[in-house]
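What follows is a single structure, written as C-alpha cells, with notes after it.
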Amino acid sequence: MTTEPDVLDAERAFEAELLQAQWLLPTLGAGVTGTGVAMEAVIQGLQRLARDRVARHLPRPGALQSVRFPPVNGRSMLERTDYVASFPQLLGTVDVFSGDTKDHRRLLADREAGLPWDGHLHTSDYALVPAACHPLYAWLSQVNAATVDGTVWTITGDCFRNEPSPDPMRLVSFRMLEFVLVGSPEQAVAHRTAMLELGQGLLAGLGLAVTVEGANDPFFGRAGVMLAKGQRAAELKFEITTEIYPGRNTAISSGNYHEDHFGAEFDLRTPDGSVAHSACFGFGLERIALALARTHGTDLRTWPESVRDLLGLDAA
Amino acid sequence: MSQDRSQLVETIRDVVAQHAHLSSDAASLSASESLYTAGMTSHASVNVMLGVEDAFDIEFPEEMLTKETFESLDSIAQAVATLQDEQ
C-alpha cells in the first residue's frame with residue numbers, strides 16, 4: 001500500500017526532475033513556476049490540437065468563438081460566483097498602496113527596519129481569477145442576452161488558487177483551456193458529454209492512460225461537505241484523470257454542468273427568456289503537459305512520432 | 001404531532017424563511033413539502049444548515065450533511081430531534 005511519505009517523496013522527485021530538465025522554472029513564489037522551452041512547446045501544441053479538434057469535430061448548436069480575459073477581474077466577481085462562500089481558502093485579492101509621500105516614507109521606514117510593510121497596503125477592488133470561465137459570465141451579463149444562444153466560447157485563462165504544494169501537479173497559478181456553453185439545459189448537458197468524449201479521445205491519442213470519474217470540487221469547511229455530496233449525487237462534475245503517482249489518479253481535465261448557478265446570478269437568458277444553464281470543459285494545460293512528461297519523458301526528441309506530430313513539435 | 005415537534009417545525013420555518021430564498025412564501029409551506037422544489041438552491045441549503053445549527057445550538061455530524069436531511073421542514077425537524085435526543 002502507498003503511504004503518505006511515499007507520495008510526498010514521489011512528488012518531490014518528480015518536481016526535482018522537472019526543475020533539472022528546465023520544464024519548470026522556479027520563481028520567488030511558493031507553488032508558482034514558469035514554463036520552460038520544451039514544456040511551453042507542448043502547451044502551445046496542446047492548445048492548437050484541442051482548438052482544432054473542437055472546431056472540426058464538436059457537435060454544437062451554435063457558433064464557436066474565442067475570447068480572452070486577463071488573470072485579474074473585479075473583486076465583486078468572487079461574490080457573484082459564490083467563490084467567497086464556497087472556496088475562501090483558495091481565493092486571492094490584490095493589495096495596493098494608495099497613500100501619499102508621508103505614507104510611503106513610513107512604509108519604507110518599516111521595510112528598512114526589517115518590519116512587515118504590507119500593513120501600509122489595503123485590499124483593492126481587484127481579485128485574481130480562480131477559473132477561466134468566470135469572467136465570461138460576468139461579461140455576458142453586460143451584453144445583449146441574444147448572445148446566450150448555445151455559442152461555444154473558447155478561453156485560455158490564467159487561474160489562481162492559493163494552495164501551495166510540493167506537488168508540481170498542483171500549481172498556484174496555472175492555465176486552463178476552456179470550452180464553455182451557455183444556453184438551454186439540454187444544450188449544456190450535451191456540450192459537457194460531447195466535450196468529455198472529445199477530451200478523453202484527444203488525451204488517449206497522446207498516449208495517456210485516462211479514466212473518466214465522477215468528482216466534486218474542494219468546497220470549504222463543513223458546509224462544503226454538503227455541497228460536495230450534492231454535486232456528486234447530481235453528477236455535476238466529471239474529471240479525466242491519469243495515474244501520475246502510483247495508486248493515485250490526478251485530474252488533468254474536467255467537465256462541469258453548473259445548472260442555472262451562473263445563469264441565475266448573472267441574469268443570463270436564452271432567446272425564449274428562460275434562465276440559461278451552463279457547462280464548461282477545461283483542459284488543465286500544465287497538468288496535461290506534465291502527465292505527458294511523466295509518460296514520455298522530458299526529452300521531446302524521444303517522444304513517439306505520432307505524439308510529436310499531433311502536437312506539432314517538429315516545427316517547434 | 002407533539003407540541004414540541006410542531007414548535008420545532010416553526011423554528012425551522014423561521015430559519016428557512018430567512019435563508020432558503022424560496023420562490024414561494026415560507027409561511028405557507030407544508031411540513032413535508034420539498035424545499036428544493038420550492039426553489040432552495042444547494043448554496044442556500046448550506047445557509048439553512050448553518051442557521052438551524054445556530055438556532056438549536058447543535059452541530060450536524062458529517063453523515064447528516066446530505067440533501068435528504070434538508071429536503072423539508074419535517075426532515076430537518078427529524079434530524080434536529082435525533083441530535084437533541086442524543087444530547
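Restricted to the stretch A:197-316, the set of helices (runs of 4 or more DSSP H) holding at least 1 residues that are under 17 Å from A:ALA41 (Cβ atoms) and within 21 Å of the chain's Cα centre (by Cα) comprises A:285-296. Among the conditions (1) modelled with pLDDT of 95 or more; (2) over 24 Å from B:MET64 (Cβ atoms); (3) not aliphatic (A, V, I, L, M), A:GLY214 misses just one, which is (2).
Would you confirm, using the coordinates I've provided, whether B:SER23 is touching a helix residue (DSSP H, G or I) at 6+ places or on another chain (Cβ under 6 Å), surrounded by fewer than 17 Cβ atoms within 10 Å (Cβ to Cβ) and not in a helix (DSSP H, G or I)? Steps first, answer last, please.
Details: touching a helix residue (DSSP H, G or I) at 6+ places or on another chain (Cβ under 6 Å): no; surrounded by fewer than 17 Cβ atoms within 10 Å (Cβ to Cβ): yes; not in a helix (DSSP H, G or I): yes.
So B:SER23 fails the test.
B:SER30 satisfies every condition listed in (1) closer than 21 Å to A:TYR83 by Cα; (2) open to solvent by 30 Å² or more (accessible area, probe 1.4 Å) except (1).
Can you tell me which of A:VAL152, A:VAL189, A:VAL172 is of a type in the set (Val, Ile, Thr) and either open to solvent by 20 Å² or more (accessible area, probe 1.4 Å) or within 16 Å of A:ASP260 (Cα to Cα) (or both)?
It is A:VAL189.
Please verify whether B:VAL15 is away from every other protein chain (no Cβ under 11 Å), touching a Phe, Trp or Tyr at 6+ places or on another chain (Cβ under 6 Å) and more than 21 Å from A:HIS261 (Cβ to Cβ), treating the condition exactly as stated. Taking the combined requirement at face value, the residue does not satisfy it.
Of the residues A:GLY45, A:GLY62, A:GLY74, A:GLY29, only one is in contact (Cβ under 8 Å) with a residue 12 or more places away in the chain and surrounded by 17 or more Cβ atoms within 10 Å (Cβ to Cβ); which? Write out each step before concluding.
On the way: A:GLY62 fails: surrounded by 17 or more Cβ atoms within 10 Å (Cβ to Cβ); A:GLY74 fails: surrounded by 17 or more Cβ atoms within 10 Å (Cβ to Cβ); A:GLY29 fails: surrounded by 17 or more Cβ atoms within 10 Å (Cβ to Cβ).
Checking each option against the conditions leaves just A:GLY45.
Considering the stretch B:51-67, the residues that are over 10 Å from the mean Cα position of the chain (by Cα), under 17 Å from B:THR11 (Cα atoms) and facing another protein chain (nearest Cβ under 10 Å) include one that is surrounded by the most Cβ atoms within 10 Å (Cβ to Cβ), namely B:PHE60.
You will find that of A:ARG68, A:ARG75, the residue that is at pLDDT 95 or above, under 30 Å from A:ALA223 (Cα atoms), charged (D, E, K, R) and assigned by TED's automatic domain parsing to the domain that holds A:ARG170 is A:ARG75 and no other. Entry remark, the stretch A:77-91: residues being part of a loop (DSSP other than H, G, I, E, B), open to solvent by less than 50 Å² (accessible area, probe 1.4 Å) and away from every other protein chain (no Cβ under 14 Å) number 2 in total. Restricting attention to the stretch B:68-78, does a residue exist that is facing chain A (nearest Cβ under 10 Å) and surrounded by fewer than 18 Cβ atoms within 10 Å (Cβ to Cβ)? Yes, because at least one residue in the stretch B:68-78 is facing chain A (nearest Cβ under 10 Å) and surrounded by fewer than 18 Cβ atoms within 10 Å (Cβ to Cβ).
The values are calculated or read from the model by the stated rules, or taken from the named source; none is laboratory data. Worth saying up front: this structure is predicted, and the values here are computed from it rather than measured. FYI the Cβ positions are ideal-geometry reconstructions off the backbone, even for glycines, and counts take in every protein chain you see. In case anyone asks, the SASA skips ligands and DNA or RNA and just uses the protein heavy atoms, side chains included. Shrake-Rupley method; radii C 1.70, N 1.55, O 1.52, S 1.80 Å.
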